[in-house]
Amino acid sequence: MRVYVPLTLPGLAEAQKAGELGPGPLTAYAVTPGLREWYVSDDIEELEYAALNRAAAASLRLIAADPGAARRRVVVAADVPDREAVSDPDMRLDASSLGEVRIAAAVSLRKAAAVHVDSDDADADVTAAAAALGAADHGDDDARFTVDGAEDHELLWYGIQEIPNLIA
């Protein structure tokens, strides 16, 4: 199963140093039955893109919680055995948990397929979105619009061999 693990750039640096994403348990995103049902699509690429975007939103939350982190969303795509990714780990099947999976143990970076990271031109929008998250969560429509602005930026694709350049 392809999973999308949300990180920050400092988190990616830690993973590179340790050689793994972790420690477990890890929250990640994947094409789960709930995500399939919500998006009503059989197009696997579209569903994978939806899972990637769910992980990018989780990365934004990690950025908001870490004032020292660079304002660039980071998602690592990795392949794990299906049995290692538990769907709906909190038993809450609602829109906020769509595609969420829990992985009990650390995931070796050797299982990573790619790293997705915001380009430098997303910095201002990601910074504003991270600052607006709290208000957006409390129903502020203007803040929600600001948060949605970060989603207008496509994450760039990098091979795992490029991680040292990303964290330098």
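Quick look at the values:
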{"quantity": "Average Cα contact separation per residue, the stretch 2-159, under 8 Å, 6 or more apart, as relative contact order %", "calculated": "29"}
{"quantity": "Gained length - D79 relative to A131, 0.36 nm times residue gap less alpha-carbon distance", "calculated": "15.5 nm"}
{"quantity": "Overall form of the stretch 11-168 per C-alpha gyration tensor (a/c, 1.5; a/b vs b/c)", "calculated": "oblate"}
{"quantity": "Net length gained if the chain between D120 and T27 were fully extended (0.36 nm per residue, minus Cα distance)", "calculated": "30.9 nm"}
{"quantity": "DSSP H segments from the chain that extend 18 Å or more along their own axis, Cα-based, with Kyte-Doolittle mean of 0.5 or above", "calculated": "44-65, 123-137"}
{"quantity": "Farthest positive-ward along the chain dipole, Cα basis, beta-carbon charges - from M1, S97, P81", "calculated": "P81"}
{"quantity": "Cα gyration tensor shape for the stretch 116-168, rounded if a/c is under 1.5, else prolate or oblate", "calculated": "prolate"}
{"quantity": "Net dipole in debye of the chain [+1 Lys, Arg Cβ; -1 Asp, Glu Cβ; about Cα centre; nearest 20]", "calculated": "820"}
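Since every read-out is calculated from the coordinates, none of them should be taken as a lab result. Bear in mind the structure is a predicted one, so any value in this text is a computation, not a measurement. Here Cβ is always computed from backbone atoms with ideal geometry, including for glycine, and neighbour counts include all displayed protein chains.
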